[in-house]
């Protein structure tokens with residue numbers, strides 16, 4: 001990215017901040033603003049990922065499931081066999097449809113089938 | 001309802017039925033219903049050596065509080081509720097979970113206790129790993145639904 005496009009991108013990113021659902025259309029082929037989320041892994045997901053939590057940069061305007069598929073899975077391919085069985089939680093609440101975009105600082109949890117009791 | 005009327009405990013220490021009973025006993029309550037879940041020593045013919053529990057601690061507490069609220073809206077006569085779950089290594093035969101509910105008359109306590117253990121197994125993010133003589137396995141509750 002040249003300095004000129006970078007500066008245009010920064011201007012654009014600032015103008016589009018917090019307006020994920022607004023009228024602004026993000027052009028393809030340009031970088032999106034990144035936000036930082038915390039991802040937490042439990043039980044089998046923790047064992048497969050070999051980590052219990054990480055901080056992960058993701059594009060803004062990303063749903064929890066998109067973050068899982070586009071950002072978490074590519075980094076932890078060992079999770080693939082488990083993925084159909086995982087339910088997501090954001091900030092300690094199960095994700096239900098329709099969902100919202102993740103925000104800076106959100107905690108995204110990968111919840112494999114539970115077995116308490 | 002005071003805060004001490006919904007008692008939520010996650011602990012690595014052994015659970016005590018007496019302390020669950022004491023947590024919900026009240027002068028105005030004519031009955032206490034208790035459920036104690038204990039660990040089994042076998043699964044499909046394999047001998048279980050030990051069980052290991054882990055929790056998404058902050059969310060488990062939040063979900064257990066929410067279970068209390070739901071139970072109280074269904075059975076408004078409930079006096080007190082205790083939900084206690086053990087974490088870490090739990091030897092076979094020991095209690096992994098205790099639910100205690102008190103109410104003025106027995107039916108509310110019995111029905112709420114039954115519902116609370118079913119909902120806990122369906123919603124509260126806690127996991128159990130069975131360790132066998134050879135290998136181990138993360139279990140899944142058939143009630144799991146969100």
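Considering the conditions (1) closer than 21 Å to residue B:22 by Cβ; (2) touching a helix residue (DSSP H, G or I) at 6+ places or on another chain (Cβ under 6 Å); (3) buried (at least 17 other Cβ atoms within 10 Å of the Cβ), residue B:119 is excluded by exactly one of them, (1). Exactly one residue out of A:66, A:45 is surrounded by fewer than 17 Cβ atoms within 10 Å (Cβ to Cβ) and either modelled with pLDDT of 95 or more or under 13 Å from residue A:112 (Cβ atoms) (or both): that is A:66.
Within the group B:50, B:40, B:93, which residue is in contact with a strand residue (DSSP E or B) (Cβ under 8 Å, 6 or more places away or on another chain), in a strand (DSSP E or B) and over 20 Å from residue B:7 (Cβ atoms)? Exactly one of B:50, B:40, B:93 is in contact with a strand residue (DSSP E or B) (Cβ under 8 Å, 6 or more places away or on another chain), in a strand (DSSP E or B) and over 20 Å from residue B:7 (Cβ atoms), namely B:50.
Just give me the residues in the stretch A:96-117 being in a loop (DSSP other than H, G, I, E, B), farther than 24 Å from residue B:83 by Cβ and modelled with pLDDT of 95 or more, in sequence order.
Scanning the stretch A:96-117 gives A:101, A:102, A:103, A:104, A:105, A:106.
Please verify whether the stretch A:75-88 includes one or more residues that are within 10 Å of the chain's Cα centre (by Cα) and either within 14 Å of chain B (Cβ to nearest Cβ) or within 23 Å of residue B:143 (Cβ to Cβ) (or both).
No, the stretch A:75-88 contains no residue that is within 10 Å of the chain's Cα centre (by Cα) and either within 14 Å of chain B (Cβ to nearest Cβ) or within 23 Å of residue B:143 (Cβ to Cβ) (or both).
Filter the stretch B:76-93 for residues that are closer than 20 Å to residue B:41 by Cβ and more than 14 Å from every other protein chain (Cβ to nearest Cβ); which is surrounded by the fewest Cβ atoms within 10 Å (Cβ to Cβ)? So the residue we want is B:93.
Restricting the search to the stretch B:55-69, which residues are surrounded by fewer than 17 Cβ atoms within 10 Å (Cβ to Cβ) and within 9 Å of chain A (Cβ to nearest Cβ)?
B:58
Residues of the stretch B:134-146 that are more than 7 Å from chain A (Cβ to nearest Cβ) and out of contact with any strand residue (DSSP E or B) (no Cβ under 6 Å at 6 or more places or on another chain): B:134, B:135, B:142, B:143, B:145.
The values are calculated or read from the model by the stated rules, or taken from the named source; none is laboratory data. None of the values given here were measured: they were computed from a predicted structure. Heads up, the Cβs are rebuilt from the backbone with ideal geometry, glycines too, and the neighbour counts pull from every protein chain shown.
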